[in-house]
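*Asks:* Here's a structure for you.
Rule-based calculations on the coordinates, nothing more; no lab input. On a predicted model such as this, the values are computed, not experimentally measured, just so you know. Note that each Cβ is placed from the backbone with ideal geometry, even for glycine, and that neighbours are counted across all protein chains shown.
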Amino acid sequence: MLSRARNGAIAMATRKGLQVGDDTYVLHDFKPAWMRIEPWKELCEIWNTPEWKEKCHRNKENKNNSTGGKQTLGSQTFVTAKLKVVKDIKRSLLVHITYTWQNRLVG
């Protein structure tokens, strides 16, 4: 919700001709209508800290990283997935083994 508010403020500021870049202090005047000004200014200050920027950069890289676990259950229920695993390996399973099977490493 807050990222949508920040992205909306960035879009409004850009339409007004402001260059936002890494400096979110320019967003002070572009707060969402549903938020008071004090919390909005505090958020803008938090988003400008080096710690926050580093965390965002790290999370963006992790999100784009193709290695690691991938949830492969899809829209089927846990019970259906468990039955498929039991059929594949021909023995009964415990819950944690079913979970591991569904979230196995892909890539």
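*Asks:* Defining a contact as two alpha carbons under 8 Å apart and six or more residues distant in sequence, what relative contact order in percent does the range 2-64 show?
*Replies:* Result for the range 2-64 is 25 percent.
*Asks:* Shifting gears a bit: Sort the following peptides by mean Cβ neighbour count (other Cβ atoms within 10 Å, averaged over residues), highest first: 82-91, 40-49.
*Replies:* Going by the mean number of other Cβ atoms within 10 Å, highest first, we get 40-49, 82-91.
*Asks:* Distances over 15 Å make up what percent of all Cα-Cα pairs in the range 2-64?
*Replies:* 51 percent
*Asks:* Okay, moving on. For the range 31-37, in order, what is each residue's ³J(HN,Hα) by Karplus, 6.51 cos²θ - 1.76 cosθ + 1.60 with θ = phi - 60°, in whole Hz (x at glycine and Pro)?
*Replies:* Coupling constants for the range 31-37: 6, x, 5, 7, 10, 6, 5 Hz.
*Asks:* Oh, and also: So how far apart, in nm, are the two label points at Lys63 and Met35 if each is 7 Å from Cα heading toward Cβ?
*Replies:* 1.6 nm
*Asks:* Using Cβ counts within 10 Å as a stand-in for footprinting exposure, how do Asp29, Asp22 rank, fewest first?
*Replies:* Values: Asp29 12, Asp22 7.
Placing the least packed residue first, the sequence is Asp22, Asp29.
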